[in-house]
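First the structure, in the form of structure tokens, and then the observations on it.
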Amino acid sequence: METAASLPSAQPAETERHWAAMAHLSALLLALMTSWMAGVAGTVAALTVWLLKRDESPFIAEHAREALNFNLSMLIYACGACALAVALVGATVFTLGIGIVLTLPAGILLVLACAALAVTWLVCSVIATIKAWHGEAYRYPLSLRLVR
């Protein structure tokens, strides 16, 4: 017969919820304070929490892994956008400005896509922090599952 002490708790402990929320919030704050476009600081913050607490609590490990994967994904997307921007500028220069007919609309779409990605990153990070604070699971959209 199982006692109440041996049953798994439905709600994570308060310290677990705080650490899980800090995995998301520290990634968000560090990335905002150090130029979010670089994305490295957000990844380092989530990685730090994951490395420190992954063996102590499955709840913290899951949230920190999610934050790490999401921030790594955003870093990859930002690098891809930068590479595409350089290619567009290069195409314009290579064609002596004539290519602007094609590269300008593509550049505008790229700026809009980057803005949408930035808003998604900000909103999802805030939602993940709140979900972790309340002891709920959260899966980021657009997140590559790189760290398992």
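There is at least one residue in region 9-27 that is within 14 Å of the chain's Cα centre (by Cα) and at pLDDT below 90.
Residues in region 137-148 that are of a type outside the set (A, V, I, L, M) and either touching a residue at least 60 places away in the same chain (Cβ under 8 Å) or within 13 Å of residue 64 (Cα to Cα) (or both): 138, 139, 140, 143, 145, 148. Residues in region 17-40 that are touching a residue at least 12 places away in the same chain (Cβ under 8 Å) and either touching a Pro at 6+ places or on another chain (Cβ under 8 Å) or surrounded by fewer than 18 Cβ atoms within 10 Å (Cβ to Cβ) (or both): 18, 20, 29, 37, 38, 40.
For region 128-137, does any single residue satisfy the condition of being of a type in the set (Val, Ile, Thr), over 30 Å from residue 50 (Cα atoms) and either in contact with a helix residue (DSSP H, G or I) (Cβ under 7 Å, 6 or more places away or on another chain) or modelled with pLDDT of 90 or more (or both)?
No.
All conditions in (1) hydroxyl-bearing (Ser, Thr, Tyr); (2) under 23 Å from residue 141 (Cα atoms); (3) buried (at least 17 other Cβ atoms within 10 Å of the Cβ); (4) modelled with pLDDT of 90 or more hold for residue 43, with the sole exception of (4). Applying the set (1) modelled with pLDDT of 90 or more; (2) of a type in the set (A, V, I, L, M); (3) within 21 Å of the chain's Cα centre (by Cα) to residue 104 leaves exactly one unmet item: (3).
Residues in region 100-111: is at least one under 18 Å from residue 44 (Cβ atoms) and of a type in the set (Gly, Ala, Ser)? No, region 100-111 contains no residue that is under 18 Å from residue 44 (Cβ atoms) and of a type in the set (Gly, Ala, Ser). Residue 87 fails exactly one of the following numbered conditions: (1) farther than 16 Å from residue 130 by Cβ; (2) crowded, with 16+ Cβ neighbours inside 10 Å; (3) modelled with pLDDT of 85 or more; (4) not basic (Lys, Arg). What is the number of that condition? The single condition residue 87 does not satisfy is (2).
So that you can scan it fast, the table gives a plain yes or no per residue for (1) more than 11 Å from the chain's Cα centre (by Cα); (2) surrounded by 13 or more Cβ atoms within 10 Å (Cβ to Cβ):
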| site | (1), (2) |
| --- | --- |
| 96 | yes, no |
| 108 | yes, no |
| 112 | yes, no |
| 117 | no, yes |
| 124 | no, yes |
| 129 | yes, yes |
| 138 | yes, yes |
| 141 | no, no |
| 144 | no, yes |
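The values are calculated or read from the model by the stated rules, or taken from the named source; none is laboratory data. Everything quoted here is computed from the prediction, not taken from an experiment. Cβ coordinates were reconstructed from backbone atoms using ideal geometry, including for glycine residues, and neighbour counts include every protein chain displayed.
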